[in-house]
């Protein structure tokens, strides 16, 4: 179990980097940690990747009062570990409104719904682009839709694998409760504990 460390500038730098990117792989997280140590703790031994859970635990203890958390996600489709910065104070869709137009948020919600309601939680790119026709209010062009999908992939929301759009690690970490509430019948359940599972037949805890 991760232990709580004294909170230092290393933790602040790590938090700032992860919150800025939203989603970072474990390898990226280690580079961030080494960079922070190189800047603030030059007299200490360079940390290993095993130090990351302790750093994250200390950060989470500090930011939990603000309904924030860095979540660890093992993303099975590509067998890669990620750290995702999550704000738990409001609806994840509401948070998108500070960065995107109402129509663009509507498009995000349509893509989210389409993937959630598909049998294997994956859809073809053309299906995503055709969803622009279902947006209420100001239209979003298909060119802009492609730009948004690429941007959301960089942020970890969606991932394109084998020519199909899938839930990304950030959806797994941040939208679990949202999807359970709005698409309960469509989301798969772990055969062992009945929690939501985004791929396979068991959740990350089983």
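The values are calculated or read from the model by the stated rules, or taken from the named source; none is laboratory data. It should be emphasised that the depicted structure is a prediction, and the values quoted were computed from it without experimental measurement. A quick note on method: Cβ atoms are made from the backbone with ideal geometry, for glycine too, and the neighbour counts reach across all protein chains shown.
Of the candidates 27, 69, 31, the single residue that is free of Cβ contacts under 8 Å to residues at least 40 places away in the same chain, assigned to a strand (DSSP E or B) and outside the structural domain of residue 159 (by TED's automatic domain parsing) is 69. Quick check, is residue 18 under 19 Å from residue 157 (Cα atoms), in contact (Cβ under 8 Å) with a residue 60 or more places away in the chain and loosely packed, with under 14 Cβ neighbours inside 10 Å? Taking the combined requirement at face value, the residue does not satisfy it.
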